[in-house]
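Step one of this worksheet: look at the structure below.
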Amino acid sequence: MEPTDITIDILKSIRDEIRKTNERLVQTNDRLDLMRSELSERIDWTNERLDRLERRQTEADLRLSTEIINVNETMRELTVLIRDHLGSTLRDHERRITILEQREGV
């Protein structure tokens, strides 16, 4: 069976379309490679920012914990001072009331 002109024309047309499709695929692959590269850079940048944020958060937590400990110690010291002051004031008031009661004969 001899190929006809129409068969050859159809095969040439198919070949040309396949070439065009291959060219589009190459272009698409190039765009995908570029997008992959850009996405990888963005992910790396985001990871760096998250790492910095995590370090800053840890540092802030440590500073806050230290300050809470300091405030707690200060409150403890203040409680002792107030208790000591009020204790002596209370004893002084009780002594004065006793003196007044003795004067009045109560």
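Here, each number is a calculation from the coordinates, and none is a lab measurement. Because the structure is predicted, anything quoted here is derived from the model rather than measured. Ideal geometry is used to build each Cβ from the backbone, glycine not excepted, and the neighbour counts take in all protein chains shown.
Consider the candidate values (1) 25, 18, 11; (2) 33, 16, 12; (3) 98, 14, 6; state which one is semi-axes √(5λ) of the Cα gyration tensor in Å computed from the structure displayed. Read-out from the structure maps to (3). Placing unit charges on each Cβ (+1 for Lys and Arg, -1 for Asp and Glu) gives segment 1-71 a dipole about its Cα centre, and among 50, 64, 8 the Cα reaching farthest toward its positive end belongs to 64.
Rounded to the nearest Hz, the phi-derived 3J(HN,Hα) couplings of segment 83-100 under the Karplus curve 6.51 cos²θ - 1.76 cosθ + 1.60 (θ = phi - 60°) are 4, 5, 5, 5, x, 5, 5, 4, 4, 5, 5, 4, 4, 5, 5, 4, 4, 5, where x marks glycine and proline.
In order along segment 48-59, the Karplus-derived 3J(HN,Hα) couplings, from 6.51 cos²θ - 1.76 cosθ + 1.60 at θ = phi - 60°, round to 4, 5, 5, 4, 5, 4, 4, 4, 5, 5, 4, 4 Hz, and Gly and Pro are given as x. Between 19, 55, 63, the Gaussian network model of the chain with springs among Cα atoms under 10 angstrom shows the greatest mean-square fluctuation at 19.
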